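Reviewing the structure listed below.
Throughout, read-outs are computed from the coordinates displayed, never taken from laboratory work. These numbers were taken from a predicted model, which means no experiment stands behind them. Note that each Cβ is placed from the backbone with ideal geometry, even for glycine, and that neighbours are counted across all protein chains shown.
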Amino acid sequence: MDVVAHTLWAGALAKGANLQLEKTQKKPLFSVLWTSFWGVFPDLFAFAPLFAWLIIGSIFRSLPFPTSALWNQGLAGPYYRVFQVTDQLYGLSHSLIVFAFIAGVCWFFSRRMQWNLLGWLAHILFDIPSHSFEFYPTPFLWPLSDFKVDGISWDKPWFMIANYSALVLVFFYLWRLRKKKQAA
């Protein structure tokens with residue numbers, strides 16, 4: 001899934017959870033902003049260094065900006081190492097095992113569940129069926145297993161239309177739910 005959709009889905013999940021828990025919680029359990037951040041975190045962690053390296057290299061002319069001709073050369077030269085690092089960071093940030101470990105460490109030190117981290121979990125769960133073997137299949141069991149699912153590629157136009165249409169419907173539903181609760 002693309003980063004904008006991840007951000008919006010995580011925000012919608014936080015907003016929906018807060019609306020459902022309103023009667024039992026004195027304050028919202030989720031911060032929509034922080035849950036949205038954690039919803040996009042895996043991609044930021046994996047790809048921000050790559051984009052920074054490409055932009056800085058292009059600005060200072062130390063690297064040619066990657067064109068389709070360079071991609072067709074099999075990412076030879078300096079690009080290969082950067083993509084190896086990106087693959088490792090992607091494995092770290094898209095692993096349910098790593099997520100569980102980090103969530104456990106946060107819980108251990110704070111003595112309470114960090115609910116906003118569930119945006120990260122949602123990101124991984126959304127990516128499993130929405131990435132194909134063609135482009136970054138999700139290594140959700142890394143480092144225990146290399147098993148990946150050959151899902152539907154999120155960049156297909158019909159998938160993007162369905163995904164954003166679902167987001168519009170979800171946000172409309174949340175808006176109606178909020179209005180209904182305010183009227184009651």
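Assorted remarks:
- Per-residue 3J(HN,Hα) values for the range 140-152, derived from phi via the Karplus relation 6.51 cos²θ - 1.76 cosθ + 1.60 with θ = phi - 60°, read 5, 10, 5, x, 6, 8, 9, 4, 9, 9, 8, x, 8 Hz in sequence order (x marks Gly and Pro).
- Computed over the chain, the convex hull of the alpha-carbon atoms projects to a mean area of 13.4 nm².
- Gain upon complete extension [PHE109, ASP87; 0.36 nm per residue less C-alpha separation]: 5.0 nm
- C-alpha center-to-center spacing [the range 1-41, the range 95-116] in angstrom: 17
- Gain on full stretching of the segment that runs from ASP155 to ARG176 - 0.36 nm per residue minus C-alpha separation: 4.6 nm
- What the Cβ-Cβ distance of PHE133 and VAL3 gives, at R0 = 30 Å and to the nearest 0.05, is a FRET efficiency of 0.90.
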